[in-house]
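Q: Here it is, the structure, as structure tokens.
What follows draws every value from the coordinates through simple rules; no lab data is involved. Computed from a predicted model, the values in this text were never measured in an experiment. Counting neighbours? That spans all protein chains shown, and the Cβs are built from the backbone with ideal geometry, glycine included.
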Amino acid sequence: MALRVAVTGKGGVGKTTVAAVLARLFGREGHKVLAIDIDPSPTLASALGVPKDVRASTTPVSKMLDLIEERTGVRPGSSYGSLFKLNPKVDDLTDKFGIATEDGVTLLVLGTIETGASGCFCPENALIKRLVNHLVLKRDEILILDMEAGVEHLGRGTAEGVDVLLTVVEPGTRSIETARSIKRLAQDIGIDKIVAVLNKSRGEADENFAREHLGELDIEMIGSVPFNDCVITADLEDVSPMDSEDCGSIVDSLVPVKKRLLD
Ligand SMILES: Nc1ncnc2c1ncn2[C@@H]1O[C@H](COP(=O)(O)OP(=O)(O)O)[C@@H](O)[C@H]1O
Ligand SMILES: [Mg+2]
């Protein structure tokens, strides 16, 4: 079964951590996984365990200005509209720019683009939309999008066409409020499947808090990931939580989430 998941939520809740561990769990299970980093400050590579030197020599797709111009008819930063083509070719993008990582996960870093005043990455958005809708139609392929924090990408429609929005929340009102906005905007672009994972849970009280508030929003909580210093230590040591011996509880807690997403 093909599956397209966008991991979304407030800044700092653990989107990248969850996206990376899930990607590798899917990969371990034999799925062909494409993980796309859509955050303007990309960190998915390190969370997946891509070594520093490889990261340093990675050219984000967004830097391929000429390529984007060629594919979409618009150069990033220029005004869009008249030249805009709706069908950028992406067939060979992953072959060209994908990085092979652990557990058979291929990573595509969209990377940083200077927004300037325009605030619109329209040509890039067209590419992402195309990737989401086009690339993962084959059986057993899984696309995981590590989204930018907040809800702006939903307004821009870059998550259009995903099967599931996986909203990460942490114990706290603010991330629940973001989940509320995500739910509303997702419905506007026709995504009706939204589930949530609680991250950084300190125990039952946090789980009850999240379940109750998500329940009010009619968002099912399909998993709970414990707070564990190992995630911070892994980041300090620049290894993936997946490769940290101390992070077993993190990985284990996401196994049922992986299963639920496949159902
Ligand atoms: N389960 C967890 N326990 C402890 N710290 C965590 C956990 N998940 C994430 N973190 C820490 O929280 C910070 C944000 O995580 P990250 O995955 O980068 O979030 P996001 O992608 O949503 O910004 C990082 O410093 C990370 O080490
Ligand atoms: Mg992130």
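Q: Most exposed first by the Cβ proxy, i.e. fewest other Cβ within 10 Å, how do Met1, Met221, Met147, Met242 rank?
A: With the fewest neighbours first, Met1, Met221, Met147, Met242 line up as Met1, Met221, Met242, Met147.
Q: Based only on other Cβ atoms within 10 Å, what is the fewest-to-most ordering of Cys247, Cys230?
A: Cys230, Cys247
Q: Please work out the Cα convex hull volume for the range 153-263 and give it in Å³ per residue.
A: Considering the Cα atoms of the range 153-263, their hull volume per residue is 119 Å³.
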